[in-house]
Amino acid sequence: QVQLVESGGGLVQPGGSLRLSCAASGIIFSIYPMYWYRQVPGNQRELVAVISSGGSTNYADSVKGRFTISRDNAKSMVYLQMNSLKLEDTAVYYCKLRGAFSNDYWGQGTQVTVSS
């Protein structure tokens, strides 16, 4: 059974940093792309960043230059380093694994609140 567990969210001031982590289990992690999404209540879930199995990355324009996605295949972990956080980065952040046959697996989410 595939399981994704996020951690690392919290309250941070504008301009601050947070590092989100997502631990995967129950699947051969290294061969699948990994994603970070975020969602504000009342809005659709928004793609923030993606990293391929080979390590290629892509980012939403709103976070380019501030966020960095990375992965550690030996630990089945994906990370999202978030710097220069803004009020509008406040959201619940989710990691997602796209597995075989485009099956998507989601974590439970971790709250990030940027506030002064």
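The values are calculated or read from the model by the stated rules, or taken from the named source; none is laboratory data. Note that the coordinates shown come from a computational prediction; the quantities given were computed from them, not determined experimentally. Here the Cβ is made from the backbone with ideal geometry for all residues, glycine too, and neighbour counts use every protein chain on show. The accessibility values were calculated without ligands, DNA or RNA, using every heavy atom of the protein model including side chains. Shrake-Rupley method; radii C 1.70, N 1.55, O 1.52, S 1.80 Å.
A few notes on this one:
- Rg of the Cα atoms in segment 14-116, relative to 2.2 N^0.38 Å, amounts to 1.04.
- Candidates Gly55, Gly16, Gly26, ranked by Gaussian network fluctuation over the chain, Cα under 10 Å, top entry: Gly26
- For the chain, built as a Gaussian network whose Cα springs stay under 10 Å, the top-fluctuating residue of Ala49, Ala60, Ala74: Ala74
- Accessible surface of the chain [probe 1.4 Å, protein heavy atoms]: carbon and sulfur percent: 47 percent
- The distance linking segment 63-113 with segment 1-17 is 8 Å (Cα centroid to Cα centroid, whole angstrom).
- Mean accessible surface per residue for segment 51-116, computed with a 1.4 Å probe while every protein chain stays in place, in Å²: 50 Å²
- Note on segment 13-114: with charges restricted to the Cβ of Lys and Arg (+1) and Asp and Glu (-1), its dipole about the Cα centre is near 120 debye.
- Proximal lysines to Lys86, defined as alpha-carbon separation beneath 25 angstrom and excluding residues fewer than eight positions away on the same chain: Lys64, Lys96
- Top of Pro14, Pro41, Pro33 by mean-square fluctuation, Gaussian network on the chain, Cα under 10 Å: Pro41
- Residues in segment 80-90 carry Karplus couplings, in order, of 9, 8, 10, 10, 6, 5, 10, 3, 6, 7, 4 Hz; the curve used is 6.51 cos²θ - 1.76 cosθ + 1.60 with θ = phi - 60°, and Gly or Pro positions show x.
- Close amide-amide hydrogen proximity is noted between Lys86 and Gly15, each under 5 Å apart and 5 or more residues distant or on a separate chain (H modeled in the peptide plane; Pro and chain starts excluded).
- Calculated diffusion of segment 9-48, Stokes-Einstein form, Kirkwood radius summed over Cα pairs, 4 °C and 1.567 mPa s, µm²/s: 99 µm²/s
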